[in-house]
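In what follows, a structure is listed as structure tokens, so that the remarks can point back to it.
The values are calculated or read from the model by the stated rules, or taken from the named source; none is laboratory data. Here the structure is a predicted model, which means the values were calculated and not measured. Ideal geometry is used to build each Cβ from the backbone, glycine not excepted, and the neighbour counts take in all protein chains shown. Heads up: the accessible areas ignore ligands, DNA and RNA and are worked out on the full protein's heavy atoms, side chains in. Shrake-Rupley method; radii C 1.70, N 1.55, O 1.52, S 1.80 Å.
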Amino acid sequence: MSLARKVRPGLTVAVTATTRQDDDSRRVRLAASYVEALENAGLVPLIVPPLSDTHAAAAILDAVDGLLLTGGEDVNPALFGEEPHPRLKTVNDQRDVTEIALILEAQRRKTPTLGICRGIQVINVALGGSLIQDIPAQSPAARDHDDGSGRQTRTHEITLDPASRMAAAIGATKCKVNSLHHQSVKEVAPGLHVTARSPDGIVEGVEADDRDWWALGVQWHPEEMTDSPEAWDRGLFRAFADQLKAKP
Ligand code: MN
């Protein structure tokens, strides 16, 4: 590696992680695919675990150029005024609180924000929307969006709004995506609009109405597809990186 490459200033991204019990120890966990996708886009990931103090959100965003909300647990439905459905999976209240504080602070200061899987869901809940708690139970006409076909298999098509930032980033208005979710956006939050859907009508992408806030959420896992022959998912990370470079 040349010296010139080492001294290149890095653009940093706060990447949310989770906590999980691992034998006798509670550990911070993040799938390495997020780290690799960000590094491949020229970005430096800084991992942010669930924290006990929501005031940390401002300090975190002072220190980074962008925010990436990653996949994981279900969002607690109490946050959108619903009782838990029997098919609700694990929740992590500390993670919900930490991520919601980060999203609201990012919205306030227009920090470029990308949400993936749980990320699109928690952005929607943070801004006042709701979720389908279990697609098979609550939207039975929809296809299976978690059919076990693997993290790197494109299982269903999506159609993108041609006027969206998402379509520009992906470079297409139709593409195929992987699918590893049993929840999805139900009522879209004020300040967001749908920019991608699967053929069964499930929301697969949203973005902020505010043109000064680059905030995109996707229901699939583009970080697992950056080695794919199709450039769609790399395009999403490249567009995120371009936003960080463009920020004053
Ligand atoms: Mn899907």
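Annotations for the structure displayed:
- Principal axis dimensions, the stretch 3-246 - Cα atoms, whole angstrom, descending: 56, 42, 38
- Taking every DSSP bridge with both residues inside the chain, close to 55 percent are antiparallel.
- Here, the stretch 1-127 is characterised by an Rg to Rh ratio of 1.01, where Rg is the alpha-carbon radius of gyration and Rh the Kirkwood radius.
- The H on the amide N of S184, modeled in the peptide plane, is under 5 Å from the matching H of I132, each at least 5 residues off or on a different chain.
- Per residue, the accessible area of the chain comes to 45 Å², computed with a 1.4 Å probe over protein heavy atoms only.
- Counting only Cβ charges, +1 for Lys and Arg and -1 for Asp and Glu, the dipole size of the stretch 3-246 around its Cα centre is about 720 debye.
- For the stretch 126-248, the Cα-based Rg and Dmax, in that order, read 14.3, 46 Å.
- Fully extending the segment from A137 to E83, taken as 0.36 nm per residue of separation minus the present Cα-Cα distance, adds 18.0 nm.
- Where only C-alpha atoms are counted, convex hull volume of the stretch 41-116 per residue in Å³: 102
- The charge dipole of the stretch 42-153, taken about its Cα centre with unit charges on the Cβ of Lys, Arg, Asp and Glu (plus for the first two, minus for the last two), comes to roughly 300 debye.
- Cross-link partners of K174 among lysines (Cα-Cα below 24 Å; sequence separation of 8 or more within a chain): K186
- Using alpha carbons only: equivalent-ellipsoid semi-axes of the stretch 83-158, gyration tensor based, whole Å: 26, 17, 12
- Sulfur and carbon atoms: percent of accessible area, the stretch 3-246 [1.4 Å]: 49
- Positive contributions from Lys and Arg (+1) and negative ones from Asp and Glu (-1), summed over other residues with Cβ under 15 Å from the Cβ of G71, come out at -4.
- In the chain, a dipole from Cβ-located charges (positive for Lys and Arg, negative for Asp and Glu) runs towards its positive end, and of S25, V13, V75 it is V13 whose Cα lies farthest in that direction.
- Between the stretch 203-234 and the stretch 36-93, the Cα center-to-center distance that results, in Å: 16
- Taking amide H atoms as placed 1.01 Å from N in the peptide plane, the amide H of N92 lies under 5 Å from those of N76, each 5 or more residues away in sequence or on another chain.
- Charge-dipole axis of the stretch 3-246 as Lys and Arg at +1 and Asp and Glu at -1 on Cβ define it, positive-most pick from A63, I103, I120: A63
- Selection from L51, A239, Q133 lying farthest towards where the dipole of the chain points positive, charges on Cβ: A239
- Here the stretch 141-197 is treated with +1 on each Lys and Arg Cβ and -1 on each Asp and Glu Cβ, and its dipole about the Cα centre works out to around 180 debye.
- On the basis of the beta-carbon distance and an R0 of 51 Å, A246 and D24 show a calculated FRET efficiency of 0.65.
- For V48, distant residues with modelled amide H under 5 Å away: V15, T16, A17
- Using every pair of distinct Cα positions in the stretch 101-144, the Kirkwood expression returns a hydrodynamic radius of 11.9 angstrom.
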